Structure formats: C-alpha cells, structure tokens
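Report on the structure given below.
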Amino acid sequence: MLQTFGYLPIGWLVIAPLAAAGFFAFYFGRQQIAALAVGPTLSARLNSQPNFHGYFLALATVLPASFVFLLYLFFADGYVRNSLISELPNYLTARGPEQVDFFVNRVADYARNAQAATGNLLFDASVERYSILNGTARLLGMLGALFAGAGGFWIGRRQLSRSFPARSYIELCIKAALFICAAIAILTTAGIVLSLVFETIRFFSLPDGPSVTEFLFGTDWNAQTGANFGAVPLFFGTLMIALLAMLVAVPVGLFSAIYLSEYSSPRFRAWVKPILELLAGIPTVVYGFFAATLIAPLVRNFAQWVNALPFTPDTLLAAQPTSALAAGLVMGVMIIPFISSLSDDVINAVPQPLRDGALAMGATKSEMIKQVILPAALPGIIAAILLAVSRAIGETMIVVMAAGGRALITLDPTSDITTVTYQIVALLTGDTAFDSARTVSAFALGFVLFGVTLLFNIIALRVVQRYREAYD
Amino acid sequence: MTEPGPSPEAFAERRLKRRHAAERRFKLYGQLAIGIAIGFLAILLFSIASKSVSAFSRHMLVLTIDQPDLSTRSDLAVTDLNLAVRDELVEAFPEIANDRTARIDLFGLTTRLAVLPLTKSAAEDPDLFQAPIEARFAVSDDLDLYLKNEFRTHRTVEVGRAGRLSDTRSGTFRVTDAGPDGFETFQRFVDDQSEPRTDILISLEGAWFELGAISGAALELEHLAGTLPPLGELGGAQIDAVVLPSVGENRKVSNRQIAYTMLLKQRGMIEKRFNQTLFTNSDSTYPELAGTAAALIGSLFTMLITALFAIPVGIFAAVYLEEFAKKSIITNIIEVNINNLAAVPSIIFGLLGAAVFLNTLGLPRSVPLVGGLVLGLLVLPTIIIASRAALQSVPPSVRDAALGLGASHSQAVFHHVLPLAAPGILTGAIIAMARALGETAPLLLIGMVAFISEVPRAPNDEATVLPVLIYKWFSGAERAWEPMTAAVIIILLTILVAMNLVAVLLRRRFERRL
C-alpha cells in the first residue's frame, strides 16, 4: 500500500484538500461569528466584520499545513535518499559518493516511472525499498500537514470572539506578504552577488585556474582550449567597443536632445521622440543581425578601400569580416535614445529663469545653450553618459554577432576583437559542467562586469539624485 | 600712427553675422543628429524587411504520386516516400533512367527530408495513396535562392535555325546552321559578352544543352536534360540560347539542374507559393524545411511564466514600497537596490540562472520554466518602477476618503487605489513583457539554444524562443538562412509592435478618465 502511495501525484493530493479546508474554515468562521453576533445591535459591536473572521480562520488552517508541506518538499527527498544509502551494501558505498548518487538517481527514476523489474536483484530490491521509503515520507508529510492544519483550525477557532481583532491580523498577513514580494529584489541581488563571488573564489582556487593577478593583468587569453586566463585583451576590447559606441551615441544623442527640447515645435517633438525611443525597443539580437549582415561588410569594404589607396600600406587595416567598428557603430545607434531621453530630462529640468536671463542679456539661442544650459545640466548629462557606458559594457548580442572572438589588443577598429560578454557567452553556451576552469572563468568575468557596471550605475544614480534635489 | 581699424559699426556687424552663422550651424547639428538617428532606424528596418521578403515565399516541386502499393504499407518511412518521389521524377524524365550522374543531379533538386510533411499525413490517413495524389515538396534551399535571385536575370536570345544534328562523342553534339550566316551573329554576340565569361544554355526541340564552343559554322553542344531530338536534319527548328548570370563553378546549382528546373517550370511542376511552413514547422537543419512554430510556442510559455511571476510580485512590491513601507533603512536599501538592479546587464541574470537555478537547485536546462523565471527577475525592477509611478499618480484624496470611511489600509489600497492605477501598471507590465520577449543573452546561458525539432507541450519541455532562434539561424552556414533569419526578425518585431500598440492604446484610453 505504501508503494502505490509513492506513485500518486502529491501536488494534487495536498493542494486540493488544502483548498477545500481553507474554504470550509472561511465559511465556518464566518458562520460562528455571525451566530455570536445575533440580535439587533450586536453586529455593530463586533470588532471585525464576519468575513475577516472567516479569512482569519482560513489562514490559521492553511498556513501551518502549507508550512509542513513545504518542509516535506524540502527535506523528504534527502531523507529518503539518505536512508536508502545507509541501507546499501558496503561494496557499493565504497565506490565513492558519485557512483552512489548515480545509482540512487537511477533507482529513483525507475521508481517514479514504475518500470518493470530489471532482473538485477540489488537494483530491484532498492527500487522496492525506495518506493516504500518514499511512500512513508509522503504519508508522514501528509499526516503532518493534516495535524498542523487541524491544530491551526482548533487554535484559531478558540480565538474567535466579538472583540477579536481579526482584521488587524489579516492586515498584518497582507503586509508581510507584500514585504516578501519587495524583498525578492534584495534576494535577487544577493543571489547575483553570492553566486558570482562563490564561483569566482572557486575559479581562483581551482588547480588549473590562474592567480588573481594573472587574471587581471595577464595579456594572454585562451580559455576555450588552453588554460591562459589573462583577461586584459577582453577588458581592452570591451572598452574599445564601448568607446566607439560612445563616439556615435554621445554627439548624436546630445544634439538630438538639445534640438528637441530647445528648438523644435511641440508637434515635431511629439512625433520624433517616440520614433527615437523605438530605437530602444528593438531587441539587441536584431541590432546584432543588422551589424553583422549590413554594417560589418561595409566596414570591411571601407578598410580594403583604404588599404588599396596609393599612399597607405596594403596591410594598414585588418579588414576582417567581423570588426570592432561594426559592433561599436551599431551599439552607438542602440544607445542614442538612452542618452537623448536622459539628457532631455535634465535639460528640461534647468529652470526657465536661467534661459530668460541669458536671452535677455542678448545671447543667441546657441550661446544660451552652450554657456548657460549645458553647464547647468552637465552633472545630469555626465550621469546619462555613465549609464550609457555601463549599458555598452554589458551589451552582449551585438558583440557576439558582429565583433568576433579573437583576444587581441589592437587599436585597429577594423580588426575583430573580443569582449567580456562575448567570452561569457562562448564559455557557457552548450554543455556546462561546473567543475572546469573554462566554465567557471565565465563567472569571474561576470563578477568584474557586474562590479564595474554597478560602480558606474551607483555614481550615475547619485549624481542624478543630487542634481534633482538641487533644482526641485 | 597706426592704420585706422574698421569702424565700430562694421566690426559689430561682422561679429553679429558670425554669431548668427554659429547659431544656424548649431541648429543644423541638432537637425543632423535627429536625421542620423532616424536614418539609421529607417535603414535598419528597410534592410531587414527587404532581406526577409524572399523567405515568405518558396518554390515547391509539384508531383503526382501514383503509387497505390504504398498504401498497403503500415510503417512508411522517409526512405520509402523518398524512393516514390524519385520514381515520379524519373518518370518525368524517362531518358535518364540509366544515367547515374544525371539522376543524382535531378534528385538534388529536393532534400531527402522534404517528404516529411507527406510522411505525417500518410501516418494520419492510411488510404492516402489509394488514388494518385498531388503533393508538393520544398525544393532545396540553394535552388530556391537561385530561382528567387539569379533566375530572374536570365537572358534569352534567338540563335538561329538548326540544320543538321550529329554526335561527336557520347553526350556531345554538333549542330549546323540552317540559315546562311553560319551562326556568325551569335558568335559576335558571344564575343561581346563581358568578362568573366558566363555559361550559355541552348534549347533545341525541348532538349537542353550547354554551349561548348562555336566552330566551323556549327555549335558544339553538351547534352544536359530533356529528350534528345533525332540525329540528322532538323529542318530549321528554332534554337534559343539562355545566358546564365554566373559560371557553373561559382554556384551551388549545376547547369544541368538549371536545365531540369527550366523544363519543370515549363511543365508547371515548380511553383512559387506562400511559405506557410515558416509558421507551421519547427526547427530543422535544412533551411527549406525550418519553421518558427516551436520557438513561437516556446516564447509563449516563457512569457507566461515571466508574466505569472513578475507581474504580481512587481505590483505587490510596488504597493508595499509606495503604500505601506515607512521610511527606514531597509526600505531605503530596497529602493536603491531596485534602481541598481534595473541597470544590471542582462547577461548577469543569465549567470545567476546558470549558477542558482541550474547548478544549485538542479532545475533542468533549456526549459521555459527556468527561462521565464530568469526573465522575470530581469524585468521585475522595470515593473516595480512603472507600478510605483502609477501608484504615485493616484490622488491622495482617494486614499484619504477610503480611510476616512473606515476602510482598513489594505482595503483602501486594494479596493480603491490599485484599480485607479491599473492602466498605468498594465502599460508598464506590457512594456516589460515586450522587453523580456526580445531578450536573448541570459537565455543562451541557461541552455535555451538546444536544437528543438518538436513543439513544446508544457513549460518544462525543452524549448527555444524567437530571439534565440534568430541567433541560431544567423549562425547557420547556408546562405538561405539569412532571409529566414530576417523573416523571424520581422515576425518578432511585428509581435513587439503589437504589444507596444496595446500599451499605447491603453494609456490613451485611460488617461482621459483620471
């Protein structure tokens, strides 16, 4: 009986009765308090509406039961496996934990699918034992949930009275639930930081991993095949492409913002601003395709044309089919709306009297912008550029598709070049075994990337905040 | 004494002119910047759209399969149907039944797996082959590209009248001119062809030849396809020449295959249709058979998980921060943290997914469940920020009125404030979903690049999503992948535009009410 029990879908077995118990408790609680509150004036004397008593009783029943069930979900599997392992014959456990794990996994798989006997006596006996243990654990879990639910119901019921502040308890529960939701953001950050830190430490302590200085200052990167983990070429490539992108995005974005906020008619602005923001809504993989299929060949042709000029050496430019310039150009286009909308905000935040004053002194509009508005908006614009740089550093798909994978340190923008994000994707795509230095090095790169972008973001957000306070 | 300088008025005027010129230049820079940005957008959309056009149609080989003995078989495999297709093709060109190299060229017009759709319908309907049926098979990707691009630039010229046809070696023939000038006009035409020399095919009485040389008032021909006319006097039959746009060695489609294609087109056995398999098929290693169905459903499942996780959690977090939280260190940390999280590169979330969901929690790779959760964490800050802005825009009087009438704090929020903020929250949520739909990098790290040839049925089946499919097809070696990739991009952009339109309409519609 325990065996068949082990195969039943546990989710429905628990959730359905739990929901039923919740509904029952709700109606029961409401009924009870309504019965207490009979009479013409009594209902006014209830501390909380009957519905809240119902909710309270339902929560008092369901929460403890769910808690026990969660405990079961977390610990039952480990318990079953450990008991099974402790019963296995010595010659099997002596083969090391990996072999044992493999064996137990196969047993669990067999038991779950209720497959036919294999003929191997030990294996079949293990399967049977596993099913029994599993069934026992399930039975215990369900009985525990039942008792917890019944206990919660019993205690909750005794609380119900006319003066019982059921509503306050419900409020508290809602607030707790909302807080948990808000805390998920913190948990995400913690998860990112912890996983990056742990894997990075592991990377540096691996036998074939590099030392920290080798990683940060080495100039030889060959993670795919060898064990050279000098990341300087990657940092160089990342910065070079980000710089190229900024060369496009900063002037274009800034001048667009100035024109839109100071020169254009409201109608023109109403049309053009959304169009510019369309650029930000295009998925990066689309930009990557555009960069690789249209811009990269153009860059290559241009480089070949330059090489063929009579006064240049024939090997002046690398003229590769994928190039830093192609990726940087397109990334710059992607970042334009980022800079233009942020700069637009800060330019609009400059108080009107400053403008009026400058114009009244006889300045032309461009002089007013150059000598009054831009200096006043400079901190905000720098913050926008910092945010854009952090965006460019972390951008992945454009460089994966258009920048190439060679770890080079070269100032030639038509050469292919690799970046931190490119290497992370290259190292982690496909089969990931978490024990090779090759895979784990991606986390060390991610750690650097996360640290640098976080630094930029914090500085930029600080500047924006302070700036906003100055003019508000 | 120094020379008298220009008068102060003239000086001032010059200065003013210079300043006005600077003003005009400055304004021009602004216009130029906007022009560059919009120009790039236009070029991007136009180049991708024009690349994608050819992928939405495809050439099909139309064959009538008349093989009743196939219906007696219960376990039809790809090979059986392939043999049937080859039988029908040989029937169309009976003259090559014994010519092995010609047969290989002919069978190369379609790929082996082109019969897969027919295999499927045969499995559903065992009586399919009782009567002759007309079936369509995708032609090979190279031939399809050739038909779409280069076939259009074929030039047909009249050569003259055929005199006497004789064979010189096996497969090589000579034909003399029935007219007076001994192909001299044609000779001049061939000589005028610009370098590099292109291949010329000759059609004579329904047979196709490749032009070898013109010598001694006769054409030296190599037979390619079609039934040979009888040797001897042809009595002035029409000779036509087709000038191909390229040389045989430079393309994937051989001259003989082009000859077959032209014969098949004449007989109406190759036709161009809308490429519906782009939407109904799943991924394939052959571009002509690949489709987006699995990726579309995979994207749907992933978005479902993302929405189920990120939207409620995001709204509740915003409600807590905006309506319940008192100013404290903890809420301050949460706020700063959310703002920073919104700017963390998306690939970092992929690393988080790989380390926590796959490695620590042991969830399976390549499934929409994990992908949806990772994307959910990615867009959570966006949803929280948008929801907070929407909640802030609800006038405090609504809150105060509800509290004044005796509502509890949560009643005031959930019954009165939240419904009024709903349009703004929904708009933010849709925009966040659109962002998640276009995200690629984090999904690469959790293994959603696996080759998926079947439509996923549940969020824990292996799947891929549209942006990842774009990346994968982009990496494909065959040239035919490029238009296919562009087509997927157009599909993805269409969905994104639709989502953003919904968001804009929602905002317009509810803006008036508040």
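The values are calculated or read from the model by the stated rules, or taken from the named source; none is laboratory data. All figures in this text were calculated on a predicted structure; none of them were measured in a lab. Positions of Cβ are backbone-derived with ideal geometry, glycine not excepted, and every protein chain shown enters the neighbour counts.
Working only within the stretch B:328-361, note down all residues that are more than 8 Å from chain A (Cβ to nearest Cβ), under 36 Å from the mean Cα position of the chain (by Cα) and part of a helix (DSSP H, G or I).
B:G353, B:F357
Would a scan of the stretch B:183-203 turn up a residue that is of a type in the set (V, I, T), over 30 Å from B:G291 (Cα atoms) and touching a Gly at 6+ places or on another chain (Cβ under 8 Å)? Write out each step before concluding.
First, the residues of the stretch B:183-203 that are of a type in the set (V, I, T): B:185, B:190, B:198, B:200, B:202.
When the remaining residues are screened for being over 30 Å from B:G291 (Cα atoms), the result is B:185, B:190, B:198, B:200, B:202.
Narrowing further to those that are touching a Gly at 6+ places or on another chain (Cβ under 8 Å): B:185.
Scanning the stretch B:183-203 turns up at least one residue that is of a type in the set (V, I, T), over 30 Å from B:G291 (Cα atoms) and touching a Gly at 6+ places or on another chain (Cβ under 8 Å).
One residue is enough: does the stretch A:408-419 have a residue meeting the conditions part of a helix (DSSP H, G or I) and either hydrophobic (A, V, I, L, M, F, W, C) or more than 14 Å from every other protein chain (Cβ to nearest Cβ) (or both)?
no
Among the residues of the stretch A:392-421 satisfying the criterion of being acidic (D, E) and under 15 Å from A:G288 (Cβ atoms), which is surrounded by the most Cβ atoms within 10 Å (Cβ to Cβ)?
Step one: filter the stretch A:392-421 for residues acidic (D, E), giving A:395, A:412, A:416.
Those left that are additionally under 15 Å from A:G288 (Cβ atoms): A:395, A:416.
Numbers: A:E395: 28, A:D416: 22.
For the stretch A:392-421, the residue satisfying everything is A:E395.
Would you mind finding the one in B:K27, B:K17, B:K51 that is assigned to a helix (DSSP H, G or I), closer than 30 Å to A:V252 by Cβ and in contact (Cβ under 8 Å) with a residue 24 or more places away in the chain?
Residue meeting the stated conditions: B:K51.
Give the residue that is surrounded by the fewest Cβ atoms within 10 Å (Cβ to Cβ), with candidates limited to residues of the stretch A:163-209 that are touching a residue at least 12 places away in the same chain (Cβ under 8 Å), under 30 Å from B:A342 (Cα atoms) and more than 10 Å from chain B (Cβ to nearest Cβ).
Ranking the qualifying residues of the stretch A:163-209, first place goes to A:V197.
Under 9 Å between Cβ atoms, which residue pairs at least 6 apart in sequence (or on different chains) link something in the stretch B:80-97 that is assigned to a loop (DSSP other than H, G, I, E, B) with a partner that is basic (K, R)?
So the pair list comes out as B:F93/B:R103; B:A97/B:R103.
Applying the selection to the stretch A:226-260, what residues are of a type outside the set (G, A, S) and under 12 Å from A:A407 (Cβ atoms)?
First, pick out the residues of the stretch A:226-260 that are of a type outside the set (G, A, S): A:228-229, A:232-236, A:238-241, A:243-244, A:246-248, A:250-252, A:254-255, A:258-260.
Passing the criteria: A:N228, A:F229, A:V232, A:P233, A:L234, A:F235, A:F236, A:T238.
Within the stretch A:286-326, how many residues are under 23 Å from A:R391 (Cβ atoms), touching a residue at least 24 places away in the same chain (Cβ under 8 Å) and either within 14 Å of another protein chain (Cβ to nearest Cβ) or charged (D, E, K, R) (or both)?
Selection size over the stretch A:286-326: 10.
Which one of A:A444, A:A388 is farther than 30 Å from A:A257 by Cα, within 13 Å of chain B (Cβ to nearest Cβ), of a type outside the set (S, T, N, Q) and under 25 Å from the mean Cα position of the chain (by Cα)? Write out each step before concluding.
Details: A:A388 fails: farther than 30 Å from A:A257 by Cα.
When all the criteria are applied, what remains is A:A444.
So in the stretch B:474-507, with the set limited to residues that are without any contact (Cβ under 8 Å) to a residue 12 or more places away in the chain and more than 10 Å from chain A (Cβ to nearest Cβ), which one is farthest from A:F290 (Cα to Cα)?
Ranking the qualifying residues of the stretch B:474-507, first place goes to B:L505.
Check the stretch A:183-190 and report whether any residue there is part of a loop (DSSP other than H, G, I, E, B) and either acidic (D, E) or not assigned by TED's automatic domain parsing to the domain that holds A:R30 (or both).
Checking the stretch A:183-190: not a single residue is part of a loop (DSSP other than H, G, I, E, B) and either acidic (D, E) or not assigned by TED's automatic domain parsing to the domain that holds A:R30 (or both).
From A:A392, A:A442, A:A383, grab the single residue that is in contact with a Phe, Trp or Tyr (Cβ under 8 Å, 6 or more places away or on another chain) and assigned by TED's automatic domain parsing to the domain that holds A:F289.
A:A383
Just one of (1) out of contact with any helix residue (DSSP H, G or I) (no Cβ under 6 Å at 6 or more places or on another chain); (2) away from every other protein chain (no Cβ under 14 Å); (3) free of Cβ contacts under 8 Å to residues at least 24 places away in the same chain trips up B:D461, so point out which.
Unmet condition: (3).
Scan the stretch B:259-277 and give yes if some residue there is in a helix (DSSP H, G or I), in contact (Cβ under 8 Å) with a residue 24 or more places away in the chain and within 28 Å of B:A436 (Cβ to Cβ), otherwise no. Please lay out each step first, then the result.
Filtering the stretch B:259-277 for residues in a helix (DSSP H, G or I) gives B:259-266, B:277.
Going one step further and asking which of them are in contact (Cβ under 8 Å) with a residue 24 or more places away in the chain, we end up with B:259-264, B:277.
This time we only want the ones that are within 28 Å of B:A436 (Cβ to Cβ), so: B:277.
Yes, the conditions are met somewhere in the stretch B:259-277.
Can you name every residue in the stretch B:404-433 that is among the small types (G, A, S), surrounded by 19 or more Cβ atoms within 10 Å (Cβ to Cβ) and within 14 Å of B:R507 (Cβ to Cβ)?
If the condition is that a residue be among the small types (G, A, S), surrounded by 19 or more Cβ atoms within 10 Å (Cβ to Cβ) and within 14 Å of B:R507 (Cβ to Cβ), then B:A421, B:G424, B:G428, B:A429 are the ones that fit.
Go over the candidates A:A111, A:A117 one by one and state the one that is touching an Asp or Glu at 6+ places or on another chain (Cβ under 7 Å) and either at pLDDT below 80 or surrounded by 19 or more Cβ atoms within 10 Å (Cβ to Cβ) (or both). Talk me through it step by step, then tell me what you get.
Working: A:A111 fails: touching an Asp or Glu at 6+ places or on another chain (Cβ under 7 Å).
On inspection, the qualifying residue turns out to be A:A117.
A quick yes/no check of all residues on (1) within 37 Å of the chain's Cα centre (by Cα); (2) of a type in the set (A, V, I, L, M, F, W, C); (3) surrounded by fewer than 12 Cβ atoms within 10 Å (Cβ to Cβ):
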position	(1), (2), (3)
B:K17	no, no, yes
B:A37	yes, yes, no
B:I48	yes, yes, no
B:F56	yes, yes, no
B:V62	yes, yes, no
B:T79	yes, no, yes
B:E88	yes, no, no
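Output the number of the condition that A:L427 fails; it satisfies all remaining conditions of (1) in contact with a Lys or Arg (Cβ under 9 Å, 6 or more places away or on another chain); (2) surrounded by 23 or more Cβ atoms within 10 Å (Cβ to Cβ); (3) in a helix (DSSP H, G or I); (4) not charged (D, E, K, R).
Among (1) in contact with a Lys or Arg (Cβ under 9 Å, 6 or more places away or on another chain); (2) surrounded by 23 or more Cβ atoms within 10 Å (Cβ to Cβ); (3) in a helix (DSSP H, G or I); (4) not charged (D, E, K, R), A:L427 violates only (2).
For the stretch A:221-254, name all the residues that are hydroxyl-bearing (S, T, Y) and crowded, with 24+ Cβ neighbours inside 10 Å.
Within the stretch A:221-254, just A:T238 meets the criteria.
Considering only residues that are in contact (Cβ under 8 Å) with a residue 40 or more places away in the chain and either of a type in the set (D, E) or over 30 Å from A:I282 (Cα atoms) (or both), which ones fall in the stretch B:415-445?
B:V417, B:L418, B:L420, B:E439
B:L378: within 31 Å of the chain's Cα centre (by Cα), surrounded by fewer than 22 Cβ atoms within 10 Å (Cβ to Cβ), more than 8 Å from every other protein chain (Cβ to nearest Cβ) and modelled with pLDDT of 90 or more, yes or no? Write out each step before concluding.
Values: within 31 Å of the chain's Cα centre (by Cα): yes; surrounded by fewer than 22 Cβ atoms within 10 Å (Cβ to Cβ): no; more than 8 Å from every other protein chain (Cβ to nearest Cβ): yes; modelled with pLDDT of 90 or more: yes.
Criteria not met by B:L378.
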